[in-house]
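The structure appears below as structure tokens.
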Amino acid sequence: MSRKDFPEGFEFGVATAAYQIEGTRNGTVGRSHWDSYAATLGNVANGENGDVACDHYNRYATDLDLVKDGNFDTYRFSSAWTRVMPDGRTVSEEGLVFYDKLVDETLARGLKPSLTLYHWELPEVFADRGGWSNRDTALAFGDYARAVMDRLGDRVQAVATINEPWCVAWLSHFLGLHAPGVRNIRTATRAMHHITLAHAEGMKAIRDSGSTADAGIVLNFAWPKPDTDADTDAARRFDGIHNRWFLEAITKGQYPDDILEGLGAHMPADWQDDMAAISAPIDWLGVNYYTRTTLRDLPGAVWPAFEDVPGPLPKTDMGWEIYPGGLGDMLSRIAREYTQDTPLIVTENGMAGDDHLDDGAVEDPVRVRYFDDHLKSVLRSIGEGTPVRGYYAWSLLDNYEWSFGYDKRFGIVYVDYDTQERIPKASYHALKDAIG
């Protein structure tokens with residue numbers, strides 16, 4: 001696989017997220033619900049937090065050099081609500097100056113800045129009032145989005161409102177595996193709607209700012225696979241919650257009828273009145289893809305009555321199946337059934353590996369093959385007529401992997417957390433050569 005195999009203008013990039021790399025002890029930054037979640041024993045591996053992370057706040061120039069030297073076109077990053085508005089509402093000039101510098105230095109290296117407005121760091125003041133289960137949080141997000149776009153909107157190439165709303169809502173409020181660690185179906189249902197409403201508020205802020213940046217949202221997808229022929233309903237329910245809920249809302253102004261059968265009683269009042277704004281046109285859709293999920297029905301269990309079971313394919317260090325074909329299949333399905341001619345961008349794709357530094361180098365042949373196979377899957381979908389505009393590897397750096405702390409290494413650049421030294425892995429060099 002090489003750049004010449006892709007259409008002219010196809011963008012290759014790398015992605016990061018503020019909380020995972022910046023370090024919350026750097027600069028003036030408010031507390032987020034992730035700080036409290038990490039401070040609770042048992043929530044995060046080894047009790048680790050984002051205080052230092054990759055010290056990107058002080059080392060962003062070095063990190064941007066790695067992006068440029070890797071022959072990438074685009075740098076996808078996120079701004080932290082807690083840095084721009086440490087108390088959740090009052091704009092910090094210091095915080096905006098940091099992102100000013102980050103965008104300007106990205107442009108100075110000939111890279112295209114792709115901004116994500118929310119990658120999970122909710123200011124604690126909103127968490128104290130119910131977080132995403134409270135409609136006011138979505139409205140406050142609009143104010144934050146306006147502050148960022150008024151400052152950066154003239155220079156960023158693209159902007160996404162929300163990263164992975166399924167993780168923000170269902171994973172965090174029903175499964176309880178991310179901050180705030182709630183397991184309540186009513187709370188989760190309201191979060192599922194309010195995070196989608198926040199997207200609408202963010203889109204309005206972007207459009208009102210007058211920015212010429214292409215605007216969209218980043219959704220995460222997993223290819224659903226029934227464990228046996230008897231488990232098709234389990235796969236359908238998973239697909240509805242994980243994939244179709246946000247896709248149908250954004251592209252059709254509705255939620256899936258089969259999932260509303262389970263969640264409808266828990267929806268906030270008059271939610272239907274929000275759907276026109278939620279389905280306002282977007283310029284592009286971000287597609288995050290890592291794996292497929294094998295589902296087994298649980299007869300007699302409380303709705304949604306399914307469980308994930310291990311599939312037969314090789315696994316990453318996260319225990320996720322390596323299933324490249326699912327990426328191409330998902331891209332083709334999204335375009336065919338939902339987005340038609342709207343450009344798609346693979347905004348995250350990558351894997352955690354058991355990576356070790358050996359004689360100053362990191363050999364990660366499984367990741368090299370992972371990227372190659374997934375890029376071939378993207379090419380197949382493009383060949384089927386899918387308008388895929390770009391592919392961004394996750395992640396530039398090993399970083400704070402949320403509830404997994406620093407144990408899981410997704411980076412194409414190895415980070416020695418004791419010294420903060422950056423060491424490009426074999427996968428970095430392989431991508432650099434392929435797209436050079």
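Brief remarks follow.
- Close pairs from the range 109-133: first farther than 20 Å from residue 150 by Cα, partner part of a loop (DSSP other than H, G, I, E, B) and polar (S, T, N, Q), Cβ under 8 Å, at least 6 apart: 126/134
- Cross-chain or 6+ apart pairs with Cβ under 6 Å, the range 353-376 first and of a type in the set (Lys, Arg), then modelled with pLDDT of 95 or more: 367/351; 367/353; 367/427
- Scanning the range 10-28 for residues that are closer than 14 Å to residue 53 by Cα and assigned to a loop (DSSP other than H, G, I, E, B) yields 16, 17, 22, 23, 24, 25, 26, 27.
- With respect to the conditions (1) touching a residue at least 60 places away in the same chain (Cβ under 8 Å); (2) more than 24 Å from residue 302 (Cβ to Cβ); (3) in contact with a Phe, Trp or Tyr (Cβ under 7 Å, 6 or more places away or on another chain); (4) not charged (D, E, K, R), residue 162 falls short on a single one, namely (1).
- Pick from the range 361-383, criterion among the small types (Gly, Ala, Ser) and farther than 24 Å from residue 408 by Cβ, ranking: surrounded by the most Cβ atoms within 10 Å (Cβ to Cβ): 381
- First in the range 412-436 and free of Cβ contacts under 8 Å to residues at least 60 places away in the same chain, second anywhere and in a strand (DSSP E or B) and open to solvent by 10 Å² or more (accessible area, probe 1.4 Å), Cβ under 7 Å, 6 or more apart: 414/423
- When residue 148 is tested against (1) over 25 Å from residue 326 (Cα atoms); (2) surrounded by fewer than 19 Cβ atoms within 10 Å (Cβ to Cβ), just one condition goes unmet, and that condition is (2).
- Residue match in the range 155-164 (condition: closer than 22 Å to residue 266 by Cβ and either open to solvent by 10 Å² or more (accessible area, probe 1.4 Å) or at pLDDT 95 or above (or both)): yes
- Qualifying residues in the range 37-50 (those that are surrounded by fewer than 17 Cβ atoms within 10 Å (Cβ to Cβ) and polar (S, T, N, Q)) - the one farthest from residue 88 (Cα to Cα): 46
- Single match in 283, 270 (criterion: touching an Asp or Glu at 6+ places or on another chain (Cβ under 8 Å) and within 28 Å of residue 250 (Cα to Cα)): 283
- Count of residues meeting criterion [closer than 15 Å to residue 6 by Cα, touching an Asp or Glu at 6+ places or on another chain (Cβ under 8 Å) and not hydroxyl-bearing (Ser, Thr, Tyr)] in the range 352-381: 1
- Residue list for the range 402-416, filter: outside any strand (DSSP E or B), open to solvent by less than 10 Å² (accessible area, probe 1.4 Å) and either more than 30 Å from residue 342 (Cα to Cα) or not β-branched (Val, Ile, Thr) (or both): 402, 405, 410, 411
- On inspection, residue 82 fails the criterion of being touching a Leu at 6+ places or on another chain (Cβ under 7 Å), in contact (Cβ under 8 Å) with a residue 40 or more places away in the chain, within 19 Å of residue 149 (Cα to Cα) and not acidic (Asp, Glu).
Here is a yes/no grid of residues against (1) out of contact with any Phe, Trp or Tyr (no Cβ under 6 Å at 6 or more places or on another chain); (2) of a type in the set (Asp, Glu); (3) under 16 Å from residue 141 (Cβ atoms); (4) open to solvent by less than 20 Å² (accessible area, probe 1.4 Å):
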site	(1), (2), (3), (4)
197	yes, no, yes, yes
201	no, yes, yes, no
209	yes, no, yes, no
231	yes, yes, no, yes
234	no, no, no, yes
237	no, no, no, no
247	no, no, no, yes
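- Among residues of the range 329-349 that are under 21 Å from residue 161 (Cβ atoms), those with a Cβ under 7 angstrom from a residue that is open to solvent by 30 Å² or more (accessible area, probe 1.4 Å) and charged (D, E, K, R), sequence gap 6+ or separate chain, pair up as 343/389; 344/389; 345/389.
- Some residue of the range 387-401 being surrounded by fewer than 21 Cβ atoms within 10 Å (Cβ to Cβ), modelled with pLDDT of 95 or more and over 19 Å from the mean Cα position of the chain (by Cα): yes
- Of the helices (runs of 4 or more DSSP H) contained entirely in the range 51-130, those carrying at least 1 residues that are open to solvent by 60 Å² or more (accessible area, probe 1.4 Å) and at pLDDT 95 or above fall at 56-69, 93-108.
The values are calculated or read from the model by the stated rules, or taken from the named source; none is laboratory data. What you see is a predicted model, and the numbers here were worked out from it, not measured in a lab. Because the Cβ atoms are built from the backbone with ideal geometry, glycine has one as well, and the counts that use them run over all protein chains shown. All accessible areas refer to the heavy atoms of the entire protein, side chains included, with ligands and DNA or RNA removed. Shrake-Rupley method; radii C 1.70, N 1.55, O 1.52, S 1.80 Å.
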